[in-house]
Amino acid sequence: MNEDDLMLWDYANIQLMDIRYKFLNPGEALSSYRFPASGYLYIARGTACFRLDGVKHDVERFYIIHSGKGGRLDIGPVRERMEYYLVLYKTSLSNTAVPSVQRQFESSSPFQRKYAFAPNDPVELLLQLKQMLHIWLKPNSLERLQVKSQLYQFAYEVERQWKIHTEANVKPDLVEQAAQYIREHYRESITLSTVAERLNYSAAYVAKQFKNKTGNSLIDYLIQVRMEIACELLEQTEASLQEVASGVGYTDASYFIRIFKKTVGVTPGNFRAEARDQTKRMDRPITRLRLSNAERRRQGYIGNEYDNHYQHIERDDLSMYRNTKVSLGAVMLLCLTIMVSACAPAGGNASTTTTSTVETQTSQQAITTPSERLYTDNQGHEVSIPEKPQRVVLQGNSIGDLLALGVQPVGIDRRFIANSAYEDKEITPAEDIGFPTSFEKILSLEPDLTMLGYVLDKQYDEISKISPTVVFDQNLPLNERLPVIGEIVGKQDEAKQLLADYNVKAEKMWSEIRDQGQVAEGETAVVLMYYWDRTMYLMKTGGVPELLYQPQGYQMSEKVKGIEPAVGSPFIEISPELMHEMLVGDHLFVLYPENDEAESSFKELLETPLWKKLPAVQSGKVTFIESKWNYEDMLTSDMLLDEFPKMIAE
């Protein structure tokens, strides 16, 4: 913001028009939205691709947009829930403005300027917006005066961060520095965080810059460097598989074998045999030339070496192996280590030999073990997965399904645990893989299977390089989803039994409820979901509705049956004025989040005439349920059968 812009802010009369909190569910879009006034749109959660007056922007979570009146915004169909805040305001000049200020206002007003960027301190903006919305929703005009003053603070903070964004000087050699660090420390335990800390940048920034410049992730490059050196060690030395694995940073030989096969296309043993067979037919000068080129390529140049050529190697294309780009120094280092071991005392040597033999046998067993099977996931990927996976990483909300099946995952998105109804919030010690999912974290967990309940962008390509990876639809109904998950983790019989037990238990519960006269024949029910920001939704599927609308349970009124949600969404947004038209049912079930803000605003709704006139309210048939029960996993569903009779009895 320049001096002229600041002057216009001084002379301008600002009128705050509206503050809203909205969201788009997966598959939904916002098309041709025209700003009715100047405004800010702040994306607080989710990824999206949008165009502001035709200019394309790719968003990863926090993003701030400003537009003048008439600006056009198009947000493409989102792949995950996207939440955003909208602040609209109008401006006019005060009567004291001199002609030069009036001309400035008409020609280049900052209130009409269009820009969008990722803020460097997004949390500060988010906190300000939450507070502004909270005050805006209050009916007291005094609070409205307060929120107007906060608009100035928010505008200042946006402009301050915009200035930082536009003036930031990025070191041109950041990606090269990261690549160089990996080449020098590949034998160590490297994560995105360790590289970022070394370079004094945030992990997110390093990852983004590396991806933008090379087209691959930083972990892709780390794996490539390790595999290239492993190829050289296998071809040039007599090192065992365990020694090669340790030499390139892997303590687990079996895990190294999986990564090698996925990256190179063949097992380490087959690679060594084929490479040596080829060596017999190759002149040694060619080998020396290749090593010389490899050493030159290791001096810090970044180019096509980021491309993972080994993904395209065919078993009979042995000439490809001759182009391996690796460090001769690394080979000599491991050779020296082996020679030192060979010179050890006889007792130590015997021990080393025995250990190497056992390790080699173990590695070979990992290659030929019959405990793997081919599985085709819902996206058509044919994957070799363990019969009984022991180290499962899950991306998605089906944690309760795995726990019910007796599978303790090693990595999950812990947001779903924090909001669950599990009696013990720490029922699983699984580590947090974050959101968006951290590939580096998955790599560190060394999974033997990764399950994706949903997929974003190129996640499958990235994660499938780390472990066997399958995709399933986490939004399937429980009776369809649990058998799929059971098949993936080798628990088909357990899944079948869990569903059978659940159905028996549910039938018994409904029978007892009917015998007690709590549900009459043909009685209808409707479900309302309430959020802290006063938004309300009619729910017909998923979570609690799946229980209510079972054959032995409540019926859905014909009126509600005719109301359709947006494609791919279980939610239908309603306003207080339309409650009497949409909340049609003998019994009203209200889902609400358990927090002070929601409780305060909800109590206000309960005192309104519109609420009190609802038939279910007047007949006393309203049941309030915490939204933590609105999950459909096996564990929560089973627990809900125990709790539901108590809920409707209150």
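Laid out as a table, the results:
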item: Where Arg481 falls short, out of the listed (1) buried (at least 19 other Cβ atoms within 10 Å of the Cβ); (2) out of contact with any strand residue (DSSP E or B) (no Cβ under 8 Å at 6 or more places or on another chain); (3) over 29 Å from Arg414 (Cβ atoms); result: (3)
item: Lone qualifier among Ala245, Ala275, Ala239 - being among the small types (Gly, Ala, Ser), at pLDDT 50 or above and farther than 28 Å from Thr191 by Cα; result: Ala275
item: Test result for Ala97, at pLDDT 80 or above, surrounded by 15 or more Cβ atoms within 10 Å (Cβ to Cβ) and outside any helix (DSSP H, G or I); result: no
item: Qualifying positions in segment 502-527 - touching a residue at least 40 places away in the same chain (Cβ under 8 Å) and charged (D, E, K, R); result: Lys505, Glu507, Glu512, Glu523
item: Those residues of segment 447-475 which are assigned to a helix (DSSP H, G or I) and either touching a Phe, Trp or Tyr at 6+ places or on another chain (Cβ under 9 Å) or of a type in the set (A, V, I, L, M) (or both), in sequence order; result: Gln459, Glu462, Ile463
item: Enumerated strands (runs of 3 or more DSSP E) restricted to segment 569-650, each holding at least 3 residues that are crowded, with 18+ Cβ neighbours inside 10 Å and hydrophobic (A, V, I, L, M, F, W, C); result: 587-592
item: Residues being within 18 Å of Val617 (Cα to Cα) and modelled with pLDDT under 90 - total across segment 540-558; result: 1
item: Filter pass, Leu133 being assigned by TED's automatic domain parsing to the domain that holds Lys114, aliphatic (A, V, I, L, M) and surrounded by fewer than 15 Cβ atoms within 10 Å (Cβ to Cβ); result: no
item: Which numbered condition Tyr454 misses (of (1) surrounded by fewer than 16 Cβ atoms within 10 Å (Cβ to Cβ); (2) closer than 30 Å to Val206 by Cβ; (3) in contact (Cβ under 8 Å) with a residue 12 or more places away in the chain); result: (1)
item: Single residue of segment 457-470 satisfying the filter (over 14 Å from the mean Cα position of the chain (by Cα) and crowded, with 20+ Cβ neighbours inside 10 Å) that is farthest from Leu405 (Cα to Cα); result: Lys465
item: Unmet requirement for Val407, which otherwise passes all of (1) surrounded by 21 or more Cβ atoms within 10 Å (Cβ to Cβ); (2) in contact with a helix residue (DSSP H, G or I) (Cβ under 8 Å, 6 or more places away or on another chain); (3) at pLDDT 90 or above; result: (2)
item: Some residue of segment 520-534 being part of a helix (DSSP H, G or I), within 31 Å of the chain's Cα centre (by Cα), hydroxyl-bearing (Ser, Thr, Tyr) and under 26 Å from Tyr592 (Cα atoms); result: no
item: Considering residues of segment 410-446 that are outside any helix (DSSP H, G or I), of a type in the set (D, E, K, R) and under 16 Å from the mean Cα position of the chain (by Cα) only, the residue surrounded by the most Cβ atoms within 10 Å (Cβ to Cβ); result: Asp413
item: Residue check, Asp493 in contact with a Gly (Cβ under 9 Å, 6 or more places away or on another chain), surrounded by fewer than 20 Cβ atoms within 10 Å (Cβ to Cβ) and more than 28 Å from Arg45 (Cα to Cα); result: yes
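Rundown of residues vs (1) part of a loop (DSSP other than H, G, I, E, B); (2) out of contact with any Leu (no Cβ under 7 Å at 6 or more places or on another chain), yes/no style:
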position: Gln497; (1), (2): no, yes
position: Met509; (1), (2): no, no
position: Gly542; (1), (2): yes, yes
position: Pro551; (1), (2): yes, yes
position: Ile563; (1), (2): yes, no
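Yes or no, residue by residue, for (1) touching a strand residue (DSSP E or B) at 6+ places or on another chain (Cβ under 8 Å); (2) over 16 Å from Gln474 (Cα atoms); (3) aromatic (Phe, Trp, Tyr); (4) assigned by TED's automatic domain parsing to the domain that holds Tyr454:
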site	(1), (2), (3), (4)
Glu387	yes, yes, no, yes
Gly400	no, no, no, yes
Val407	yes, yes, no, yes
Phe416	no, no, yes, yes
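Each row is one residue, and each column tells you yes or no for (1) in the same structural domain as Gln112 (by TED's automatic domain parsing); (2) within 16 Å of the chain's Cα centre (by Cα); (3) buried (at least 22 other Cβ atoms within 10 Å of the Cβ).
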site: Ala29; (1), (2), (3): yes, no, no
site: Tyr42; (1), (2), (3): yes, no, yes
site: Val59; (1), (2), (3): yes, yes, no
site: Ser67; (1), (2), (3): yes, no, yes
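The values are calculated or read from the model by the stated rules, or taken from the named source; none is laboratory data. Since the structure is predicted, the reported quantities are computational estimates derived from the model, not experimental observations. Ideal geometry is used to build each Cβ from the backbone, glycine not excepted, and the neighbour counts take in all protein chains shown.
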